[in-house]
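Chemist: The structure is given below, and queries will be raised subsequently.
The values are calculated or read from the model by the stated rules, or taken from the named source; none is laboratory data. All values derive from a computational prediction rather than experimental measurement. Positions of Cβ are generated from backbone atoms using ideal geometry, with glycine treated the same way; all protein chains shown enter the neighbour counts. Side chains included, ligands, DNA and RNA excluded: accessible areas come from the protein's heavy atoms. Shrake-Rupley method; radii C 1.70, N 1.55, O 1.52, S 1.80 Å.
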Amino acid sequence: MSILNPSENRYIMQYRRFGRTELQMPVFSCGGMRYQHSWKDVPPQEIPQKNQENLEATIHRALEAGINHIETARGYGTSEVQLGRILPQLPRETLIVQTKVSPTANPREFERHLQESLDNLGLETVDLLGIHGVNTSELLDYTLRPGGCLEVAHRFQHQGRVRFIGFSTHAPIGVIRQAIASDQFDYVNLHWYYINQDNWSAIADATRHDMGVFIISPSDKGGHLYNPPQKLVDLCAPLSPMVFNDLFCLSHPQVHTLSIGAARPSDFEEHLKTLPLLAQAQEILPPILARLEQAAIAALGEDWLRTWKQGLPTPEETPGQINIPIILWLHNLMTAFDMEDYAQARYNLLGNGGHWFPGQQAQAVSQLTQDLAAVLASSPHAARIPALLAATHERLQGKAVQRLSGA
């Protein structure tokens, strides 16, 4: 049980068995996509010393808090190189280091990137290697097919350079479950938090396969909870929205760790307030969950809240590749919880996020009404959805946002 240690005035970390890896994983992980100098590789001498000092201070604060899982990726620009300046100086046996490398059609390219990651980190071995962004059936095939990227990863594993292999994903649920069903992976990094619980069946699958479960970006993608709207603050009281979401996720024992994408040492502090609450989660959460649900019903109507997802087409099935499920979800978050800033940021990724955030905005909806009627035929709300799409577009359209351009 986590408690506040009065003599040291700091929270004591909890650890959970990370599936069949048998690693004792801290319930919070130190994610490496916000403290680096650049999203692109740059010559090491161009990395400002002040930025490097901030990164190292962030790592030291994580370790001081008991967060010994340091997580990064080849795609996070200078993150690996900068970590390579500090991780080799730390006692290796105390660390759990994860990096992630994207699958490629040519496994030799994947191998080159993996070798580059190890070189950047300055480590002989990484504890966890994630196949990064298995977001489509094609990328899963690049990974699993004979001679594919997983075979390369296994070769590194047999050489003692990689201990365990998992995958990270922003994929539709069917692709995630297919990857898990292959039984080729030791763990999964995926999205799941209060405002988006669609991947629960994949977590249940992972549990049956005794895989580690790592939740990606619960505070940023989980609702910009570092800057929540006042309505959400009020509904989550006496907890902050960030602590509520952490407690919600970690109240499920199937979830092993949540990523904290820290940009500075102080970014851990609010999350750590969750630790002494974990033993009382079943008493603390129900009244907050009830308030959130009642607010959503009051704003949206119970019938819509319970049935809005039914019969919706995928972007691939929709004229203009409009991502109807995402747009309606963002409409719901704005209407129920005043989450307009978050909704605008996510909406303006549509058309710019590639396979990480697929589909298009709804600017063409008025020209596609007849075609939309056909693909919405199975929805109980077919008649009202086109107008909702148009109104949401009008409210949220703005400057295009590039994926991985910030927090």
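Chemist: Name every residue in region 185-228 that is among the aromatic types (Phe, Trp, Tyr) and either more than 22 Å from Arg306 (Cα to Cα) or in contact (Cβ under 8 Å) with a residue 24 or more places away in the chain (or both), in order of residue number. Break it down stepwise before answering.
Modeler: Just the residues of region 185-228 that are among the aromatic types (Phe, Trp, Tyr), to begin with: 185, 187, 192-194, 200, 214, 226.
Selection gives Phe185, Tyr187, Trp192, Tyr193, Tyr194, Phe214, Tyr226.
Chemist: Looking at this structure, is Glu316 modelled with pLDDT under 95 and open to solvent by 70 Å² or more (accessible area, probe 1.4 Å)?
Modeler: Working: modelled with pLDDT under 95: yes; open to solvent by 70 Å² or more (accessible area, probe 1.4 Å): yes.
The answer is yes for Glu316.
Chemist: Oh, and also: Would you call Ser266 in a helix (DSSP H, G or I), in contact with a helix residue (DSSP H, G or I) (Cβ under 9 Å, 6 or more places away or on another chain) and under 30 Å from Asp141 (Cα atoms)?
Modeler: no
Each row is one residue, and each column tells you yes or no for (1) hydrophobic (A, V, I, L, M, F, W, C); (2) without any contact (Cβ under 8 Å) to a residue 24 or more places away in the chain.
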position: Glu270; (1), (2): no, no
position: Pro287; (1), (2): no, yes
position: Glu293; (1), (2): no, yes
position: Gly301; (1), (2): no, yes
position: Leu305; (1), (2): yes, no
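Chemist: Of the numbered conditions (1) part of a helix (DSSP H, G or I); (2) among the hydrophobic types (A, V, I, L, M, F, W, C); (3) within 22 Å of the chain's Cα centre (by Cα), Val97 satisfies every one except a single condition; which is it?
Modeler: For Val97, the failing item is (1).
Chemist: Filter region 156-172 for residues that are farther than 20 Å from Asn199 by Cα and in contact with a helix residue (DSSP H, G or I) (Cβ under 8 Å, 6 or more places away or on another chain); which is surrounded by the most Cβ atoms within 10 Å (Cβ to Cβ)?
Modeler: Phe164
Chemist: Given the criteria in contact (Cβ under 8 Å) with a residue 60 or more places away in the chain, surrounded by fewer than 16 Cβ atoms within 10 Å (Cβ to Cβ) and either within 28 Å of Leu150 (Cα to Cα) or among the aliphatic types (A, V, I, L, M) (or both), does Ala57 qualify?
Modeler: yes
Chemist: Any idea which residue in region 271-288 is most open to solvent (accessible area, probe 1.4 Å), counting only those that are of a type outside the set (A, V, I, L, M, F, W, C) and within 17 Å of Ile12 (Cβ to Cβ)?
Modeler: For region 271-288, the residue satisfying everything is Lys273.
Chemist: Looking at Ala105, is it within 30 Å of Ala179 (Cβ to Cβ) and not in a loop (DSSP other than H, G, I, E, B)?
Modeler: Details: within 30 Å of Ala179 (Cβ to Cβ): yes; not in a loop (DSSP other than H, G, I, E, B): no.
Against the criterion (within 30 Å of Ala179 (Cβ to Cβ) and not in a loop (DSSP other than H, G, I, E, B)), Ala105 does not qualify.
Chemist: Also: Being at pLDDT 95 or above, open to solvent by 30 Å² or more (accessible area, probe 1.4 Å) and among the acidic types (Asp, Glu) narrows it down to one residue among Asp371, Asp303; which is it?
Modeler: Going through Asp371, Asp303 in turn, the sole match is Asp303.
Chemist: Among the residues of region 208-219, how many are in contact with a helix residue (DSSP H, G or I) (Cβ under 8 Å, 6 or more places away or on another chain) and open to solvent by 20 Å² or more (accessible area, probe 1.4 Å)?
Modeler: Of the residues in that region, 2 qualify.
Chemist: Further question: Only residues that are open to solvent by 50 Å² or more (accessible area, probe 1.4 Å) and within 22 Å of Tyr226 (Cβ to Cβ): list them for region 31-49, please.
Modeler: Passing the criteria: Arg34, His37, Trp39.
Chemist: Right, next: Among the candidates Asp338, Asp371, single out the residue that is over 21 Å from Tyr194 (Cβ atoms) and acidic (Asp, Glu). Walk me through how you get there before you give the answer.
Modeler: Working: Asp338 fails: over 21 Å from Tyr194 (Cβ atoms).
Exactly one of Asp338, Asp371 is over 21 Å from Tyr194 (Cβ atoms) and acidic (Asp, Glu), namely Asp371.
Chemist: Is it true that some residue in region 221-234 is open to solvent by less than 10 Å² (accessible area, probe 1.4 Å) and farther than 30 Å from Ala295 by Cα?
Modeler: No: region 221-234 contains no residue that is open to solvent by less than 10 Å² (accessible area, probe 1.4 Å) and farther than 30 Å from Ala295 by Cα.
Chemist: A further question on this structure: So which residues in region 180-202 are over 18 Å from Gly19 (Cβ atoms), open to solvent by 40 Å² or more (accessible area, probe 1.4 Å) and aromatic (Phe, Trp, Tyr), if there are any at all?
Modeler: Tyr194
Chemist: Given the options Leu95, Leu63, name the one that is of a type in the set (A, V, I, L, M), surrounded by fewer than 21 Cβ atoms within 10 Å (Cβ to Cβ) and more than 30 Å from Arg208 (Cα to Cα).
Modeler: On the way: Leu95 fails: more than 30 Å from Arg208 (Cα to Cα).
Step by step, each of Leu95, Leu63 is checked, and only Leu63 is of a type in the set (A, V, I, L, M), surrounded by fewer than 21 Cβ atoms within 10 Å (Cβ to Cβ) and more than 30 Å from Arg208 (Cα to Cα).
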